[in-house]
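Q: The structure follows.
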Amino acid sequence: MSRTILRGRVLTFLDEPQAIDDSASYRYIEDGAITIEHGRIVAVGDYVPEAGADVIDHRPHLILPGFIDMHLHYVQSQVIASYAGSLLEWLNTYTFVEEQKFSRQGHAGVVASAFYDELIRNGTTTAVAYCSSHPASVDAYFAEAAKRNMLMVGGKVMMDRNAPEALCDTPQSGYDDSKMLIERWHGRGRALYAISPRFAITSTPAQLEASRALVAEYPDCYVQTHLSENDAEITSSMELYPGSPDYTGIYEDYGLLGPKTLLGHCIHLNHRETKVLAETGAVAVFCPTSNLFLGSGLFDRERLAQHGVRIGVATDIGGGTSYSMLRTLDEGYKVLQLRGQRLNPFTSFYMATLGNARALSLEGTIGAIAPGNAADLVVLDAAATPAMALRMATASTLAEELFLLQTMGDDRAIAEVYVAGARSKSTLGGL
Ligand SMILES: [Zn+2]
């Protein structure tokens, strides 16, 4: 029987930390042991020597649940760092041009492979991605995830207007292709499907109607789209849907809001919209590096949380500028600083692990180091660079270490990654 014990400093969250000293919200084991069998965690506790056990010693590093990225576009891996003034210019000048390449034979496979290497390099073991409008991009995405045994969520972008002809589907073909892909992939291995109308600007009412039909037929699937990222986008959306009360109201009118709905950005929501998100259980996804890069605005975490809106955090590659959830948490901290809101490091790391698992309704499967969960883990080295080691020498608390990791860390601070119990960072390239 394959049985492995990981030894190290173990940190996992039990609930959302309410303050920096809320020690009831997490479990920390100074000399911990995580026992893994057949890709699952079977025990967590203090390390006790065991004759004949296969022990991998990660001391003095921290072992956390693998990071979860709630929103990104794998087909934009070659769009990152494109020089644009704002969202709509960025989409038209770079993104819609790049996504057309996914009609080429073989292109999706090459990009998917490089994309997954980057996720692993950065400690991300689950992500929720948009593919392009081409079904082959979805096949490449899930096939590569299956090869690596990763729990991934994703779907074919549906868009039938306001984009180059070569990227547009039709309400019928978008529906048919999505249905075929759901039947092919949803629930196969660790794959989970997200019905993915890009956003209101690029979907006609007939396409949102087709999306509603898919949601009704496949209530288990996620729905992902973009909401309220940028002022020009909001104005344009309201011109296209003059009968809806506001941007959120468009998706509401087509029955697209529910607890499995993931809404990228949600920056400029009015009071009614905030209430609707809270009532429907839809998730607002905070994408700080993207929001800063495209100058979209500052996410109001406190206001949404006070109204009871569920919140996730994500990179939004390629509007986002880094695959690293550490870089993302750092920029998230800064966005909230500008809002006069203070995000403590325990809450940051909760958001990237158990918080995002809860936002995906996957608590009990991923996001925590607990018996029964998948052994998807990240090993963090807070002294990974000379500058980090220098600063770490003066850190004496776990809070300081976590804050240092998110403020100074990147892929170099990811010492190892486990996917379903298999070492995955140190073996990169061996696939
Ligand atoms: Zn996006």
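The values are calculated or read from the model by the stated rules, or taken from the named source; none is laboratory data. Fair warning: this is a prediction, and the values are worked out from it, not measured in the lab. Heads up, the Cβs are rebuilt from the backbone with ideal geometry, glycines too, and the neighbour counts pull from every protein chain shown. Ligands, DNA and RNA are excluded from the accessible area calculation, which covers all protein heavy atoms including side chains. Shrake-Rupley method; radii C 1.70, N 1.55, O 1.52, S 1.80 Å.
Q: Which residue pairs have Cβ atoms under 9 Å apart, sit 6 or more places apart or on different chains, and have a first residue in the stretch 315-330 that is under 16 Å from Pro345 (Cβ atoms) and a second that is of a type in the set (A, V, I, L, M, F, W, C) and within 13 Å of the ligand (Cβ to nearest atom)?
A: If the second residue must be of a type in the set (A, V, I, L, M, F, W, C) and within 13 Å of the ligand (Cβ to nearest atom), the pairs left are Met325/Ala314; Thr328/Phe286; Thr328/Cys287; Thr328/Ala314.
Q: I'd like the full set of residues that are out of contact with any Leu (no Cβ under 9 Å at 6 or more places or on another chain) and either acidic (Asp, Glu) or touching a residue at least 40 places away in the same chain (Cβ under 8 Å) (or both), limited to the stretch 265-285.
A: Within the stretch 265-285, His268 is the sole residue that qualifies.
Q: Picking from Leu298, Leu294, which residue would you name as being open to solvent by 10 Å² or more (accessible area, probe 1.4 Å) and not hydroxyl-bearing (Ser, Thr, Tyr)?
A: Only one candidate passes the filter, namely Leu298.
Q: Can you go through Leu326, Leu263, Leu336, Leu292 and tell me which one is in a helix (DSSP H, G or I), within 16 Å of the ligand (Cβ to nearest atom), within 30 Å of Val417 (Cα to Cα) and aliphatic (A, V, I, L, M)?
A: Sole residue among the options that is in a helix (DSSP H, G or I), within 16 Å of the ligand (Cβ to nearest atom), within 30 Å of Val417 (Cα to Cα) and aliphatic (A, V, I, L, M): Leu292.
Q: Turning to a different aspect of this structure: Please enumerate the residues belonging to the stretch 37-51 that are open to solvent by 40 Å² or more (accessible area, probe 1.4 Å), assigned to a loop (DSSP other than H, G, I, E, B) and either in contact (Cβ under 8 Å) with a residue 60 or more places away in the chain or under 20 Å from Val419 (Cα atoms) (or both).
A: His38
Q: Given the criteria open to solvent by less than 10 Å² (accessible area, probe 1.4 Å), closer than 19 Å to Leu62 by Cα and under 13 Å from the mean Cα position of the chain (by Cα), does Met351 qualify?
A: So Met351 fails the test.
Q: Okay, next question. For the subset of the stretch 164-199 comprising residues that are open to solvent by 10 Å² or more (accessible area, probe 1.4 Å) and in contact with a Lys or Arg (Cβ under 8 Å, 6 or more places away or on another chain), which member is nearest to Lys101 (Cα to Cα)?
A: Cys168
Q: If you don't mind, another one. Give the stretch 14-36 a look and list any residue that's β-branched (Val, Ile, Thr) and assigned to a strand (DSSP E or B), or say none.
A: Answer for the stretch 14-36, where residues must be β-branched (Val, Ile, Thr) and assigned to a strand (DSSP E or B): Ile29, Ile34, Thr35, Ile36.
Q: For Tyr251, state whether it is of a type in the set (Ser, Thr, Tyr) and either within 16 Å of the ligand (Cβ to nearest atom) or open to solvent by less than 10 Å² (accessible area, probe 1.4 Å) (or both).
A: Yes, satisfied.
Q: Go through the stretch 125-145 and count every residue that is in contact with a strand residue (DSSP E or B) (Cβ under 7 Å, 6 or more places away or on another chain) and assigned to a helix (DSSP H, G or I).
A: Within the stretch 125-145, residues that are in contact with a strand residue (DSSP E or B) (Cβ under 7 Å, 6 or more places away or on another chain) and assigned to a helix (DSSP H, G or I) number 4.
Q: Then there's this: Out of contact with any Cys (no Cβ under 6 Å at 6 or more places or on another chain), away from the ligand (no atom under 16 Å from the Cβ) and either touching a residue at least 12 places away in the same chain (Cβ under 8 Å) or basic (Lys, Arg) (or both): is that true of Leu214 in this structure?
A: Yes; evaluated as a whole, the condition is true for this residue.
Q: Answer with yes or no whether Val55 is away from the ligand (no atom under 16 Å from the Cβ), over 25 Å from Ala357 (Cα atoms), in contact (Cβ under 8 Å) with a residue 40 or more places away in the chain and in contact with a Pro (Cβ under 9 Å, 6 or more places away or on another chain).
A: Yes, satisfied.
Q: Every residue in the stretch 75-104 that is among the charged types (D, E, K, R) and more than 19 Å from Gly154 (Cβ to Cβ), please.
A: Within the stretch 75-104, Glu89, Arg104 meet the criteria.
Q: Further question on the same structure: Which residue pairs have Cβ atoms closer than 7 Å, lie 6 or more positions apart in sequence or on different chains, and pair a first residue in the stretch 371-396 that is open to solvent by less than 40 Å² (accessible area, probe 1.4 Å) with a second residue that is acidic (Asp, Glu) and assigned to a loop (DSSP other than H, G, I, E, B)?
A: none
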